[in-house]
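For reference, the structure discussed in these notes is given below.
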Amino acid sequence: MEGTDNKEKPVTVDEAGAYAIPAALSDSPGFLLNRSARLIRDKNTDALKPTGLTVRDLGLLRVIASEGPLTQQALSERHRTDRSTVVDVIDGLEKRQLVMRSVNPRDRRSYLLMITPRGKKLLAVANKLTLKEKQKFLEALTDEEWRLLRGLLARLINFHDRPEPPAL
């Protein structure tokens, strides 16, 4: 555009003392979504420290608890995480006795993942800790704004990331 300076504008602090979004990035969905995701991920990472869980551990545990038993492949597809990462995470969760593998009666070459009673207890603690962070993170929005944002984000994800139906 004519007459515009292409130099990145410095990040400034607004009247409330918060860092302003650089003007050059204010229209970037990638920057805005990524920055928001990093902020809540960092807060949840800190909140989860007493549990020994990572944010990824928590996400996989939530899917197993709500949709299990399911195969590692199905978990990988549902969580949109590569299979080798899922295997590594599940190995760690299994060592901590938070999940267990059992032979899949439909396909003896695969295993079904289930959350253990110990896993359910830790998941309840982790959910409480992250709920507090979610509430703090979203306090800038009304309930209606959060409902709208959640719907818009889900629409973008569903439009751009149409998964295959999970295999059991």
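The values are calculated or read from the model by the stated rules, or taken from the named source; none is laboratory data. Remember, predicted model here, so these are calculated numbers, not experimental data. Because the Cβ atoms are built from the backbone with ideal geometry, glycine has one as well, and the counts that use them run over all protein chains shown.
Structure values in brief
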{"read-out": "Among (1) part of a helix (DSSP H, G or I); (2) within 18 Å of Ala126 (Cα to Cα), the one test that Arg35 misses", "value": "(2)"}
{"read-out": "Single residue of segment 129-152 satisfying the filter (of a type in the set (A, V, I, L, M, F, W, C) and touching a residue at least 24 places away in the same chain (Cβ under 8 Å)) that is surrounded by the most Cβ atoms within 10 Å (Cβ to Cβ)", "value": "Leu129"}
{"read-out": "Residue list for segment 56-71, filter: in a helix (DSSP H, G or I), over 15 Å from Gly92 (Cα atoms) and either touching a His at 6+ places or on another chain (Cβ under 7 Å) or of a type outside the set (Lys, Arg) (or both)", "value": "Val63, Ala65, Ser66, Glu67"}
{"read-out": "Qualifying residue in segment 90-112 (condition: touching a Pro at 6+ places or on another chain (Cβ under 7 Å) and either charged (D, E, K, R) or assigned to a strand (DSSP E or B) (or both))", "value": "yes"}
{"read-out": "Any hit, segment 65-85, residues being small (Gly, Ala, Ser), at pLDDT 95 or above and surrounded by fewer than 15 Cβ atoms within 10 Å (Cβ to Cβ)", "value": "yes"}
{"read-out": "Hits in segment 91-114 - residues which are in contact (Cβ under 8 Å) with a residue 12 or more places away in the chain and closer than 21 Å to Lys49 by Cβ", "value": "Gly92, Leu93, Arg96, Gln97, Leu98, Val99"}
{"read-out": "Among (1) loosely packed, with under 15 Cβ neighbours inside 10 Å; (2) closer than 16 Å to Leu53 by Cα; (3) among the small types (Gly, Ala, Ser), the one test that Gly119 misses", "value": "(1)"}
